[in-house]
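> This is the structure I have questions about; it appears just below.
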Amino acid sequence: MAGPGTTFEGPIQSGTIKYATAASAANVGLAMLTQTVTLTENGATAVTAEVMLPYGSQIVDFHFDVTTAWNSGSSDTLSVGVAAAGTDYVSGVSTATAGRIAPTYTAAQLSAMANIGANTGVFITVTPVGTTATTGAVTVTVLYVQTVQLSQGAA
């Protein structure tokens, strides 16, 4: 069953001047989109959720909203990558304190986010270490731009 709204197959472009001329600059841009998932502690092991993005998208940022602090014995670390527990996009984010957490990115992570290519699955994982966590919830929002694709493999 389809949800509310309209589904598009291609990138959403906005603006009135697609190509620059001597008289005016181009002003067409691509719309930023989001997908959101919530991870909740499961009492024992790492928790992973997957978000699927269109081929060749650019990940702009991640919002990590810890609504209930994770409470395992040693640490509770969030990572984001192309596989469960991967660190391709984000690594080392603590979920032990409630609130919005702003990640920092390495140059390699920013490069990977610039064009995800065929890595359309984005895996978010919270890994508890120490005693079993009994609380914990984090809502993750992926902000991305679906880029214009000339053909599969071109970005």
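> Kindly indicate which of VAL37, VAL51, VAL28 is farther than 30 Å from SER74 by Cβ, touching a residue at least 12 places away in the same chain (Cβ under 8 Å) and not hydroxyl-bearing (Ser, Thr, Tyr).
Values: VAL37 fails: farther than 30 Å from SER74 by Cβ; VAL51 fails: farther than 30 Å from SER74 by Cβ.
Going through VAL37, VAL51, VAL28 in turn, the sole match is VAL28.
> Right, something else. Considering (1) under 14 Å from the mean Cα position of the chain (by Cα); (2) of a type in the set (D, E, K, R); (3) assigned to a loop (DSSP other than H, G, I, E, B), say which one ASP61 fails and leave the rest.
Unmet for ASP61, out of (1) under 14 Å from the mean Cα position of the chain (by Cα); (2) of a type in the set (D, E, K, R); (3) assigned to a loop (DSSP other than H, G, I, E, B): (3).
> Testing GLY56 on (1) surrounded by 15 or more Cβ atoms within 10 Å (Cβ to Cβ); (2) in contact with a strand residue (DSSP E or B) (Cβ under 8 Å, 6 or more places away or on another chain), one condition comes back false. Which one is that?
Single failed check for GLY56: (2).
> Taking the condition of being aliphatic (A, V, I, L, M) and modelled with pLDDT under 80, how many residues in the range 13-46 meet it?
Initially, the range 13-46 is screened for residues aliphatic (A, V, I, L, M), giving 17, 20, 22-23, 25-26, 28, 30-33, 37, 39, 44, 46.
Filter again for modelled with pLDDT under 80, leaving 44.
Total meeting the criteria: 1.
> Next up: For the range 64-145, please list each of the strands (runs of 3 or more DSSP E) lying entirely inside it that holds at least 1 residues being among the aromatic types (Phe, Trp, Tyr) and under 26 Å from PHE8 (Cα atoms). I'd like the intermediate steps shown before the answer.
Numbers: elements: 75-81, 90-94, 99-101, 121-129, 137-145.
The strands (runs of 3 or more DSSP E) meeting that bar are 121-129, 137-145.
> Given the conditions (1) farther than 28 Å from ASN115 by Cβ; (2) in contact with a helix residue (DSSP H, G or I) (Cβ under 7 Å, 6 or more places away or on another chain), and given that ILE59 satisfies all but one, which numbered condition is not satisfied?
Checking ILE59 against (1) farther than 28 Å from ASN115 by Cβ; (2) in contact with a helix residue (DSSP H, G or I) (Cβ under 7 Å, 6 or more places away or on another chain), the one that fails is (1).
The values are calculated or read from the model by the stated rules, or taken from the named source; none is laboratory data. Just so it is clear, the model here is predicted, and its values are computed rather than measured. So basically every Cβ, Gly included, is an ideal-geometry build from the backbone, and we count neighbours across all protein chains shown.
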